[in-house]
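A quick write-up on the structure given underneath.
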Amino acid sequence: MSINPHLPLVYHPNYSFEFDPNHRFVMSKFADLYQHLVQTGYVNHNIFKPLRASISELEKVHCSRYLHQLNQNTLDQKASRRIGLPWSEQLMARTFIEAQGTLLTAQLALKNGIACHLAGGTHHAHYDFGSGFCMVNDLAYTAASLIDSGDVTNVLIFDLDVHQGDGTAAILQHHPYIFTCSIHCEKNFPFRKSQSDLDIGLAIGMQDDAYLALIESTLRSLIADLNPSLVLYDAGVDIWQHDSLGKLDISWQGIEKRDHTVLSVCQRIGVPVATVIGGGYDKDPQRLAQRHSIVVQQAAQF
């Protein structure tokens, strides 16, 4: 397999910082992913470093009061618990940079046909509250920003994280030029679902063949119907059969085939695609980094 040295990768060293190693959210995974890609030859003067999104920019999709309270650590205890991450200046820096990172990835995809963010997919963040380790919704922010700037006419958010993209769906439910599709395990977090433009809830224990056929047919149908200017692809790897929060039975090879299918469909039709890594949970940080690297490895083939 040849490696494309020009595949744009978006990353910032602030994505990982010193964090409780016993926490369910593996904060080291972004740096681990970057290092794994360096070691395997996917990084070669193709890294783009995002700036920090401002509160005024993020007000495009979030409540101003919530953003200020989040930034200043003045959320009430219940709201903080719902996010599930201990507040710190470092956490705020990575949160606001990450949102801009997904926007930068999308801009690079529009120029190059494909680009990958080594973070992103914070799809549980709602308009005025955070949830499920997500504080700011990078997917909603990116899609809305591109529409407002006139860079695109419409966007398809294709979310294949094992958990429903409830925050994305809720924020964008009345947006006429952004289509949200979430294909997720039905009996999994969040237990109170939002309504995407298209939701497909999967049964616990679903396996490769049925899953892959569904993904391909759904994407082909959506692209034919919508003719999107851009696909924002949430390549969550928590669909893996041994993921601690997954509940599906998708093999490692199934993830590879899924990502290859999504990217090849978009590339053959000529639709730019920007990828984010989404969710993945594992007590083995190196194995988790390797899992998250799959989408980059597949993208590098195009």
**Item:** Among the residues listed as 188, 227, the single one being in contact (Cβ under 8 Å) with a residue 24 or more places away in the chain and under 18 Å from residue 147 (Cβ atoms)
**Value:** 227
**Message:** If the requirement is being aromatic (Phe, Trp, Tyr) and within 16 Å of the chain's Cα centre (by Cα), which of these qualifies: 129, 96?
**Reply:** 96
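Considering every residue within segment 182-195, establish whether at least one is assigned to a helix (DSSP H, G or I), surrounded by fewer than 23 Cβ atoms within 10 Å (Cβ to Cβ) and of a type outside the set (Phe, Trp, Tyr).
Taking segment 182-195 first, the residues assigned to a helix (DSSP H, G or I) are none.
Checked against the condition, which is being assigned to a helix (DSSP H, G or I), surrounded by fewer than 23 Cβ atoms within 10 Å (Cβ to Cβ) and of a type outside the set (Phe, Trp, Tyr), segment 182-195 yields no hits at all.
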**Prompt:** In segment 12-25, what count of residues is obtained for those that are assigned to a loop (DSSP other than H, G, I, E, B) and buried (at least 22 other Cβ atoms within 10 Å of the Cβ)?
**Reply:** 1
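Residues checked against (1) in contact (Cβ under 8 Å) with a residue 12 or more places away in the chain; (2) touching a Phe, Trp or Tyr at 6+ places or on another chain (Cβ under 8 Å); (3) within 18 Å of residue 277 (Cβ to Cβ); (4) of a type in the set (A, V, I, L, M):
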residue: 113; (1), (2), (3), (4): yes, yes, no, no
residue: 116; (1), (2), (3), (4): yes, no, yes, no
residue: 121; (1), (2), (3), (4): yes, no, yes, no
residue: 125; (1), (2), (3), (4): yes, no, yes, yes
residue: 128; (1), (2), (3), (4): yes, yes, no, no
**Prompt:** Is there any pair linking a residue in segment 22-50 that is within 20 Å of residue 105 (Cα to Cα) to one that is of a type in the set (Asp, Glu), with Cβ under 9 Å and at least six apart or on different chains, and which?
**Reply:** 29/282; 30/98; 50/98
**Prompt:** When segment 169-193 is examined, which residues are found to be in contact with a Leu (Cβ under 8 Å, 6 or more places away or on another chain) and farther than 21 Å from residue 265 by Cβ?
**Reply:** 185, 186, 188, 189
**Request:** Mind listing whichever residues of segment 236-261 are crowded, with 22+ Cβ neighbours inside 10 Å, of a type outside the set (A, V, I, L, M, F, W, C) and closer than 24 Å to residue 114 by Cβ?
**Result:** 236, 238, 258, 259
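Every residue, every condition in (1) at pLDDT below 95; (2) outside any loop (DSSP other than H, G, I, E, B); (3) surrounded by fewer than 24 Cβ atoms within 10 Å (Cβ to Cβ), yes or no:
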position	(1), (2), (3)
92	no, yes, yes
98	no, yes, no
102	no, yes, no
105	no, yes, no
111	no, yes, yes
115	no, yes, no
121	no, no, no
124	no, no, no
128	no, no, yes
**Request:** Please verify whether segment 26-41 includes one or more residues that are over 20 Å from the mean Cα position of the chain (by Cα), surrounded by fewer than 18 Cβ atoms within 10 Å (Cβ to Cβ), closer than 18 Å to residue 99 by Cα and not small (Gly, Ala, Ser).
**Result:** no
**Request:** Report yes if some residue within segment 140-154 is touching a residue at least 60 places away in the same chain (Cβ under 8 Å) and under 22 Å from residue 254 (Cα atoms); otherwise report no.
**Result:** no
**Prompt:** Just checking, how many residues over segment 144-170 are crowded, with 24+ Cβ neighbours inside 10 Å and either among the hydroxyl-bearing types (Ser, Thr, Tyr) or touching a helix residue (DSSP H, G or I) at 6+ places or on another chain (Cβ under 8 Å) (or both)?
**Reply:** 10
**Message:** Of everything in segment 56-87, what is free of Cβ contacts under 8 Å to residues at least 24 places away in the same chain, closer than 18 Å to residue 19 by Cβ and in a loop (DSSP other than H, G, I, E, B)? Give them in sequence order.
**Reply:** 73, 87
**Message:** Just the residues that are touching a strand residue (DSSP E or B) at 6+ places or on another chain (Cβ under 7 Å) and part of a loop (DSSP other than H, G, I, E, B), please, taken from segment 263-276.
**Reply:** 271, 272
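For (1) at pLDDT below 95; (2) over 26 Å from residue 107 (Cβ atoms); (3) not in a helix (DSSP H, G or I), each residue gets a yes or a no:
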| residue | (1), (2), (3) |
| --- | --- |
| 212 | no, yes, no |
| 220 | no, no, no |
| 232 | no, no, yes |
| 237 | no, no, yes |
| 256 | no, yes, no |
| 261 | no, no, no |
| 290 | no, yes, no |
| 298 | no, no, no |
**Prompt:** Taking segment 37-55, which residues are assigned to a loop (DSSP other than H, G, I, E, B) and within 26 Å of residue 299 (Cβ to Cβ)?
**Reply:** 40, 41, 42, 43, 44, 45, 46, 49, 50, 51, 52, 53
**Fill in**
Flagged in segment 206-235 as crowded, with 17+ Cβ neighbours inside 10 Å and over 26 Å from residue 189 (Cβ atoms), in numbering order, are 223, 226, 228, 229, 230
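The values are calculated or read from the model by the stated rules, or taken from the named source; none is laboratory data. In this text the structure is predicted, and so the values were computed from the model without any measurement. FYI the Cβ positions are ideal-geometry reconstructions off the backbone, even for glycines, and counts take in every protein chain you see.
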